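For reference, the structure is listed below as C-alpha cells.
The values are calculated or read from the model by the stated rules, or taken from the named source; none is laboratory data. Keep in mind the model is a prediction, meaning the values are calculated, not measured. Cβ sites come from the backbone with ideal geometry, for glycine too, and all protein chains shown count toward neighbours.
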Amino acid sequence: MGKTKSEILQGTLDLMVLKTLHAMGPLHGYGMARRIEQISEEVLELNQGTIYASLVRLLQKGWITAAWGTSENNRKARFYSITARGLRQLREQTENWERIAGVIGRVLQL
C-alpha cells in the first residue's frame, strides 16, 4: 500500500518553516518546501502558494528576514533567515506542540 500525501495541520507549517531555517540556515522558498517534503519522507506536499503564504506571515511578524541572493541554479531568489524573535517563537511553539502531542497520544491510548 502506497503512502498518500497528507494535509498539513493548521498552524504547523509556520513551525516547520522556523525549524527548517534554524537547522539549515538561510534558504529560498522553493528549497525550503523541498526540504520539508524530504524530511517528511514525501508524506507532506507543499505547493508554492502554501509556503509563500507562510513566509509572508512570518515576515510580517518579524520572525524571519529576507534578502535577495543567487540560487544554486544561478537565478535571483529571496533567501529567508530566522530572527532572534523567531527563535523565541520557535522555542515557545515547540514546547506547545510537544505538550499537545503528548495529550493527543494519551487520549488515543484510551
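Conditions (1) farther than 18 Å from Thr20 by Cβ; (2) modelled with pLDDT under 95, marked per residue:
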| site | (1), (2) |
| --- | --- |
| Ala53 | no, yes |
| Trp63 | no, no |
| Ala67 | no, no |
| Thr70 | yes, yes |
| Tyr80 | no, no |
| Thr83 | no, no |
| Arg88 | no, no |
| Ala101 | yes, yes |
| Val107 | yes, no |
Point to revise | Selected residue (criterion: modelled with the lowest pLDDT) from residues of region 1-20 that are among the hydrophobic types (A, V, I, L, M, F, W, C) and touching a strand residue (DSSP E or B) at 6+ places or on another chain (Cβ under 7 Å) | key: Ile8
Point to revise | Only one of Ala53, Ala77, Ala66 that is of a type outside the set (D, E, K, R) and touching a residue at least 24 places away in the same chain (Cβ under 8 Å) | key: Ala77
Study note, to complete from the structure: Counting only residues that are aliphatic (A, V, I, L, M) and under 17 Å from Leu13 (Cα atoms), region 86-110 contains a total of 4
Practice item. Kindly indicate which of Thr65, Thr70, Thr83, Thr50 is out of contact with any Ser or Thr (no Cβ under 8 Å at 6 or more places or on another chain), under 17 Å from Asp14 (Cβ atoms) and either surrounded by 14 or more Cβ atoms within 10 Å (Cβ to Cβ) or not basic (Lys, Arg) (or both). Key: Thr50
